[in-house]
Amino acid sequence: MTNDIHRTIDAIWRIEAAKLIASLTRMMRDVSLAEDLAQDALVIALEKWPELGIPDNPGAWLMTTAKRRAIDLIRRTKVRGQKYAELSRQLEWVTEEDIDGAIDGEIGDDLLRLIFMTCHPSLSQEARVALTLRLLCGLSTNEIARSFLVPESTIAQRIVRAKRTLSAVKIPFEVPEGAELKERLSTVLEVIYLMFNEGYSATSGEQWFKPVLCQEALRLGRVLAEIAPSEPEVHGLVALMEIQSSRLKTRVRPTGDPVLLMDQHRAQWDRLLIHRGLQALERSQRLGRTWGPYALQAAISACHAQAPTPDDTNWTRIAALYEALSRVAPSPIVELNRAVAISMAFGPEYGLQLIDELSQDQYLKDYHLLPSVRGELLMKLGRKEEAREALLRAAAMTQNTREQELLMKKAADCEQ
């Protein structure tokens, strides 16, 4: 029973953590302190909820608890003479009403402000993204490291240095305007994109995907499109998330088992979201500039959305779009996806040739989707034993339980 409660608390924390940290950052103007206070509330929940039960509104409970910890901190600091005088200059505007208001206020605005705060140009782009994924998505340093295909220690150092810099520079907690907004926009888009991706394909855990993260990323993208309506890539990202979100309900069976794209019931895709996505893609195109990486990915997603059946998919166009994407935003992941598209358009032997070339890329050596794709192509070519070995290797590399089960099943199918 205790293990069940702890799993429930973990799920609640992943949903509520970003809201807590955003509200606490607005109150305290210190993102590192806000994260500490939120963690304190979590520790108290882990101590009390197994005994008292999960409250009816766990988010409000955590916020109230964190608020009390913040007030206690202010009071303790007050008796520390000179140190309090320094802190009070930062916190003099914080009142009980401010803190109470944070519980009932518009959390969404705080989340967007937090993204812009952690995407300040005083931080390197890598540090901005890593810190924001840590705070908004609740990802561990290991999960972020796997997303960037870099060592965990590198991500940990980036996050620590980023927190110190934000504390020293005292970044305003606001959505900037004009040139300053443009300066931070590309990183903000990247963060929202990675946030959505973590929701769409969870790096680890027992869930195939995390719909709450997808929904929050999409909502933030829509808000950003209102703030920056003349930026084509903002609309491109919104288009991508709208279309991808249309498939969420068909991506798992009632048992929680994954359903891959080609096996999904397309009649159950959300047509309203697809329509909104196509409209956003048109807005991006009407702005009259060359498509960027998000608009190109949205165009790829649109190819799937507009195909009534898997056999109707225009894989030749998708392969061409991935070729364009590889020029605009080159990366090993894009090349991997391009290889899949080429295999679907021109045959698995062509895709396998590209995959074998990518096997030499050091950034993909620990990336489970490389042997996963290789196994799929080998299976299509009838090389079942090689396919089984590749799929088992992929299963051993992933940290997502559902994905591991799926890969193990595919490996077992190779033996039949």
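Just the C-alpha atoms of segment 144-273: what Rg/Rh do they give, with Rh taken as the Kirkwood radius? List each step's numbers first, then the result.
Working: Rg = 17.4 Å, Rh = 16.9 Å.
When Rh is taken as the Kirkwood radius, the ratio is 1.03.
Report the gain in length on full extension from Lys365 to Ser326: 0.36 nm times residue separation, minus Cα-Cα distance, nm rounded to one decimal.
Working: separation 39, 0.36 × 39 = 14.04 nm, distance 1.96 nm.
The span from Lys365 to Ser326 would gain 12.1 nm if fully extended.
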*Which order results if Thr64, Thr25 are arranged by neighbouring Cβ count within 10 Å, fewest first?*
Thr64, Thr25
_For segment 16-30 and segment 299-326, what is the centre-to-centre distance using only Cα atoms, to the nearest Å?_
40 Å
*Spin-label point model (7 Å from Cα, Cβ direction): what's the Glu385 to Ser124 distance in nm?*
4.6 nm
*Measure nothing but the geometry: give the 0 to 90° angle between the long axis through the Cα atoms of 315-328 and the longest principal axis through the Cα atoms of the chain, rounded to 10°.*
50 degrees
*Among 185-195, 374-384, what's the highest-first ranking by average C-beta atoms within 10 angstrom per residue?*
185-195, 374-384
_Positive-pole candidate from Ser246, Gln207, Pro232, dipole of segment 206-251, charges at beta carbon_ = Gln207
*asked:* Running a GNM on the chain with Cα contacts under 10 Å, which residue among Leu220, Leu149, Leu133 ends up with the highest mean-square fluctuation?
replied: Leu149
*Ascending count of other beta-carbon atoms within 10 Å, so fewest first, for Phe196, Phe346*: Phe346, Phe196
_Degrees, to the nearest 10: 232-245 long Cα axis against longest axis of the chain_ = 70 degrees
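Work out how much length Asn3 to Ala396 would gain on full extension: take 0.36 nm times their residue separation and subtract the Cα-Cα distance, in nm to one decimal. Spell out each step's value before the answer.
Numbers: separation 393, 0.36 × 393 = 141.48 nm, distance 2.49 nm.
The Asn3-Ala396 span can extend by a further 139.0 nm.
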*How large is ³J(HN,Hα), in whole Hz, for each residue of segment 12-29 in order, when computed from phi with the Karplus curve 6.51 cos²θ - 1.76 cosθ + 1.60 and θ = phi - 60°, using x for Gly and Pro?*
4, 4, 5, 7, 9, 4, 4, 5, 4, 5, 4, 5, 5, 5, 4, 6, 9, 6
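Tell me, what does the Kirkwood hydrodynamic radius of segment 341-416 come to in angstroms if you use every pair of distinct C-alpha atoms?
Values: mean 1/r = 0.0810 Å⁻¹.
Value: 12.3 Å, from the Cα pair sum.
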*Looking only at Val31, Val150, Val340, which one moves most when the chain is put into a Gaussian network model with springs between Cα atoms under 10 Å?*
Val150
*asked:* Please enumerate, by chain and number, the aspartates and glutamates with C-alpha under 18 Å from the C-alpha of Lys410, excluding those fewer than 8 residues away in the same chain.
replied: Asp257, Asp263, Glu376, Glu385, Glu386, Glu389
*Distance between Cα centroids, segment 348-404 to segment 145-204: provide it in whole Å.*
30 Å
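Taking the Cα centre of segment 341-416 as the origin, how large is its charge dipole in debye, to the nearest 20, when only Lys and Arg (+1) and Asp and Glu (-1) carry charge on their Cβ atoms? Present the calculation step by step, with values, prior to reporting the outcome.
Details: 10 positive and 13 negative charges, 36 e Å.
Around 180 debye, computed over segment 341-416.
Given +1 on the Cβ of Lys and Arg, -1 on the Cβ of Asp and Glu, and no further charges, what dipole in debye does the chain carry about its Cα centre, rounded to the nearest 20? Show your work: numbers first, answer last.
Details: 52 positive and 57 negative charges, 95 e Å.
Approximately 460 debye in magnitude.
Beta carbons within 10 angstrom, averaged per residue: use that to sort the peptides 394-400, 222-228, highest first.
On the way: 394-400: 19.0, 222-228: 16.7.
Peptide ranking by packing, descending: 394-400, 222-228.
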_Candidate lysines for bridging to Lys163, where Cα separation is under 28 Å - those fewer than 8 sequence places away on the same chain excluded_ = Lys19, Lys67, Lys78, Lys83, Lys182, Lys210
*Fewest-first sequence of Val373, Val234 by Cβ atoms within 10 Å of each Cβ*: Val373, Val234
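Bear in mind these aren't lab numbers, they're just calculated from the coordinates by the rules spelled out. The model shown is predicted, which means the values in this text are computed figures rather than measured ones. Glycine also receives a Cβ, built like all others from the backbone with ideal geometry; neighbour counts cover every protein chain displayed.
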